[in-house]
Amino acid sequence: MARTKMSSEDQAYAIEIGNKITARREEIGMKACELAGLVGIDGITLSRIENGKIATSCVILVKIAKVLKVSLSDLQPKELDVYSDVTPETRPLVEEIKKIPLLARGTFINSAIQMIKALRA
């Protein structure tokens, strides 16, 4: 299978995505070989993804995000934030909401929605 050379823009995206994968993996104390095994790829492939040497498929990226327990938007290049529902301004709020236990999250969100509606009135 022939490889095509990535454009400089694609290379920059691949590096940023790889850096985010590495940072999250290290943040949760997971070894590269463990992540590779859970995703179903070999360690060399994961190393190339994390180092921005190759662009990964969406399917593999989804698997990586699932194992790392992050959203795809957490792994996307910042340049693409304008296309995301989670913007740089709302990201800190979303991150704090994720820290609330699931059973309490719905109650909090409903209360927050009511406060937002009251502020707009």
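The values are calculated or read from the model by the stated rules, or taken from the named source; none is laboratory data. Note that the structure is a prediction, hence the values are computed from the model and not measured. Note: ideal-geometry Cβ built from the backbone for every residue, glycine included; neighbour counts use all protein chains shown. With ligands, DNA and RNA removed, areas are computed over all heavy atoms of the protein, side chains included. Shrake-Rupley method; radii C 1.70, N 1.55, O 1.52, S 1.80 Å.
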With respect to PRO77, determine if the residue is touching a Phe, Trp or Tyr at 6+ places or on another chain (Cβ under 7 Å) and either without any contact (Cβ under 8 Å) to a residue 12 or more places away in the chain or surrounded by 14 or more Cβ atoms within 10 Å (Cβ to Cβ) (or both). yes
Test ALA12 against the criterion of being under 18 Å from GLU79 (Cβ atoms), small (Gly, Ala, Ser) and either in contact (Cβ under 8 Å) with a residue 60 or more places away in the chain or open to solvent by 70 Å² or more (accessible area, probe 1.4 Å) (or both), and give yes or no. yes
Of the candidates ALA55, ALA65, the one satisfying the condition of being under 16 Å from the mean Cα position of the chain (by Cα), part of a loop (DSSP other than H, G, I, E, B) and closer than 18 Å to LYS78 by Cβ is ALA55
It is to be established whether one or more residues within the range 86-109 are open to solvent by less than 100 Å² (accessible area, probe 1.4 Å), touching a helix residue (DSSP H, G or I) at 6+ places or on another chain (Cβ under 6 Å) and closer than 15 Å to LYS20 by Cβ. yes
Only one of these is open to solvent by less than 70 Å² (accessible area, probe 1.4 Å) and either over 28 Å from SER7 (Cβ atoms) or modelled with pLDDT of 85 or more (or both): ARG48, ARG25. Name it. ARG25
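Could you grab me the full set of residues in the range 34-45 that are assigned to a loop (DSSP other than H, G, I, E, B), exposed (fewer than 15 other Cβ atoms within 10 Å of the Cβ) and in contact (Cβ under 8 Å) with a residue 12 or more places away in the chain? Steps first, answer last, please.
At the first step, the residues of the range 34-45 found to be assigned to a loop (DSSP other than H, G, I, E, B) are 40-42.
Okay, now just the ones that are also exposed (fewer than 15 other Cβ atoms within 10 Å of the Cβ), so 40, 42.
Correct list: GLY40 only.
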Odd one out for LEU75, checked against (1) out of contact with any helix residue (DSSP H, G or I) (no Cβ under 6 Å at 6 or more places or on another chain); (2) under 21 Å from LYS99 (Cβ atoms): (1)
For the range 66-83, state whether one or more residues are out of contact with any Pro (no Cβ under 6 Å at 6 or more places or on another chain), among the aliphatic types (A, V, I, L, M) and farther than 30 Å from ILE113 by Cβ. yes
Among LYS31, LYS53, LYS66, which is surrounded by fewer than 14 Cβ atoms within 10 Å (Cβ to Cβ) and under 28 Å from GLU9 (Cβ atoms)? LYS66
